[in-house]
Amino acid sequence: MTRAALSQTWQSGSYDTHARFVSDLAEGVIEWLAPAPGEHVLDLGCGDGVLTAALAARGCDVVGVDTSDELLSAARSRGLTVQWMDGEDLHFAAEFDAVFSNAALHWMTRPRAVTQGVRRALKPSGRFVAEFGGHGNVAAIVTAMLAVANARGGRSDLANPWYFPSSAIHRRLLEEEGFSVERIGLFPRPTPLPTGMEEWLKLFRRPFFDQFGGDADAALADTVELLRPSLCDGGGNWTADYVRLRVEAHR
Ligand code: BEZ
């Protein structure tokens, strides 16, 4: 993940408990990557390394990078080769057959710098396969936080620090940076939240609520109640309004 997401921090235990679905739902993007044994692959925003390990298990020679020391140490404890590196400032040159990324690019708010670094990291015939939040991702959740910011006099920019582009915008960026886009698509993927909305908000948007100091819990409760009619069913099961952008582009 990136430092640009306004002091977002990660705890590997919380991530494992409340966001394991992130890696569990990655089958489709791995299918697009179609990793072959022996390929040298960069996992950009590898987090705690669950997917890095899945690629290694398929015979890839995989390196993971991330900016969370906490998640990197969880990845190292799986025996993976990972290192601290900012996705907006990648330092590789023509080394990888493929760059892979799942659920990480939306945290990197300088997408042109990311795209340029990925292109430099790839061998001349290399491919870039990624999935992340696209246009309209978590729109209801963001709108609820904006309503709470408005009602409580808080900062609305903290409600949506992410890069959620449309297919057209992201395709243009890739093409401007010298990629040829093989396929790209935006699709809704309503995502069950096994531990509920409050835990999702605390894990992924803590800085928004912390701005309210002693009223952080009340702001959190207000946000959850605004979302209940649209994202919680009669049985108390929460679903996040995820929209994914999946892309394969070639250098
Ligand atoms: C996502 O995977 O779409 C996402 C996760 C956390 C915050 C925002 C978006």
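Below, the figures for the structure above:
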{"item": "Ellipticity estimate at 222 nm from DSSP helix runs (n ≥ 4, -39,500 (n - 2.57)) divided over the chain, nearest 500", "result": "-11000 deg cm²/dmol"}
{"item": "Virtual spin-label span in nm between residue 57 and residue 215, 7 Å along Cα→Cβ", "result": "4.7"}
{"item": "Cα-only Debye scattering, the stretch 71-185: base-10 log of I(q)/I(0) at q = 0.10, 0.17 Å⁻¹", "result": "-0.39, -0.93"}
{"item": "Amide hydrogen neighbours beyond the local backbone of residue 82, cut-off 5 Å, H modeled", "result": "64"}
{"item": "Alpha carbon convex hull of the stretch 6-145, projected area averaged over orientations, nm²", "result": "8.5"}
{"item": "Sequence of 51, 25, 231 once ranked by neighbouring C-beta atoms within 10 Å, starting from the fewest", "result": "25, 231, 51"}
{"item": "Kyte-Doolittle mean at least -0.5, axial Cα span of 18 Å or more - DSSP H helices of the chain", "result": "139-152, 216-231"}
{"item": "Cα point-scatterer Debye curve for the chain, base-10 log of I(q)/I(0) at q = 0.07, 0.12, 0.16 Å⁻¹", "result": "-0.23, -0.69, -1.18"}
{"item": "Rg followed by Dmax, in Å, when the stretch 212-251 is reduced to its Cα trace", "result": "16.6, 50"}
{"item": "Separation between Cα centres of the stretch 193-209 and the stretch 119-157, rounded to whole Å", "result": "15"}
{"item": "For the stretch 106-244, convex hull of alpha carbons as volume per residue, Å³", "result": "123"}
{"item": "Over the stretch 56-136 - Rg/Rh using Cα atoms and the Kirkwood inverse-distance radius", "result": "0.95"}
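Computed from the coordinates by the stated procedures, all read-outs in this text should not be read as laboratory data. What you see is a predicted model, and the numbers here were worked out from it, not measured in a lab. FYI the Cβ positions are ideal-geometry reconstructions off the backbone, even for glycines, and counts take in every protein chain you see.
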